[in-house]
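S.K.: Right, I'll just put the structure down here and ask away after.
The values are calculated or read from the model by the stated rules, or taken from the named source; none is laboratory data. Quick caveat, the model's predicted, so the values are computed rather than measured. Reconstructed Cβ throughout: ideal geometry from the backbone, glycine too, with neighbour counts over all protein chains shown. What goes into the accessible areas is simple: the full protein's heavy atoms, side chains included, and nothing from ligands, DNA or RNA. Shrake-Rupley method; radii C 1.70, N 1.55, O 1.52, S 1.80 Å.
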Amino acid sequence: MPDAAWVLNAMYEHENGPGDVSHHEYHQARPAVGSTPREIVPGIDLDAVVVTTGDGLGRAEHPGPGWRRLRWEELARRTGDPVVPDGLLPSHRCFPSATKNGSWPLGIAPPTEGSLDRETWIRLIDILTAHSPAGPDTRCLAYYNPLTLGAVDFDNLHVREGRLGDAEMLYDVSEADLADFSPANLWAEDRSWVLCTDYDLWATKVAGLPALIEALLNDTGVEAVRLPWAT
């Protein structure tokens, strides 16, 4: 396809800042089941953080009151790390200066891995709709990576077909009844654009016409970058 960009999964930061306690340290200090909970980081709803980050695969929602979107560009300016290091793809290898022994501060909910977060997914569908000739009636197909569904049958795979205007609901539908995963691939039936979400990455590659890619790069609701080595 003529052009492409990477849409970065959202991360969030608590209004009290990242703090000094890492996710790893929190899990190590977490009280046993049935014991009295301890407030490790004042003001932070730890349950919201755990639900948001989950196991690193999908299940991403805005953490709620007290949290704000932390753009990759802002964190890059703060840490001195590049948004995406040369030659790499958006993944856990980004922002080494922001982590402690590879673990993020508890006050930052890092990007999801292997799935778009819901906020980004919804905005991305809106942009695709605006840049598809048939708008919401654009016929498209969706494919889920079996690994995100907990599937064991890799020989009988299938895709879903429907309207782009109904694609938001795909975030809550799966063969394994596991909600909150975006499809691994979504593409227009006329092949004018395609989305690819890798199981191990923190971003989704969108390929299509230059007008669509420019819209992604300039939109304030998503954060997208061009990676010359992976276009």
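S.K.: Would you mind counting up the charge near Asp198? Only other residues with Cβ under 14 Å from its Cβ, with Lys and Arg at +1 and Asp and Glu at -1.
M.R.: Working: positive: Arg93, Lys205; negative: Glu113, Asp200.
In short, 0.
S.K.: Let me ask something additional. For a protection proxy built on the mean count of beta-carbon atoms within 10 angstrom, sort 165-172, 103-110, 193-200, 135-142 highest first, please. Kindly include the intermediate steps, with their values, before the conclusion.
M.R.: Working: 165-172: 15.4, 103-110: 22.9, 193-200: 18.8, 135-142: 16.9.
Sorting 165-172, 103-110, 193-200, 135-142 by mean packing, highest first, produces 103-110, 193-200, 135-142, 165-172.
S.K.: Quickly rank 119-130, 61-72, 4-15 as a protection proxy: mean count of other C-beta atoms within 10 Å, highest first.
M.R.: Descending packing order for the listed peptides: 4-15, 119-130, 61-72.
S.K.: Would you work out which of Asn101, Ala134, Leu186 lies farthest towards the positive end of the dipole of the stretch 98-231? Charges go on Cβ: Lys and Arg +1, Asp and Glu -1.
M.R.: So the residue we want is Asn101.
S.K.: Still on this structure, please answer the following. Summarise the accessible area of the stretch 62-205 (1.4 Å probe, protein heavy atoms) by the percent that is carbon and sulfur.
M.R.: Carbon and sulfur together cover 51 percent of it.
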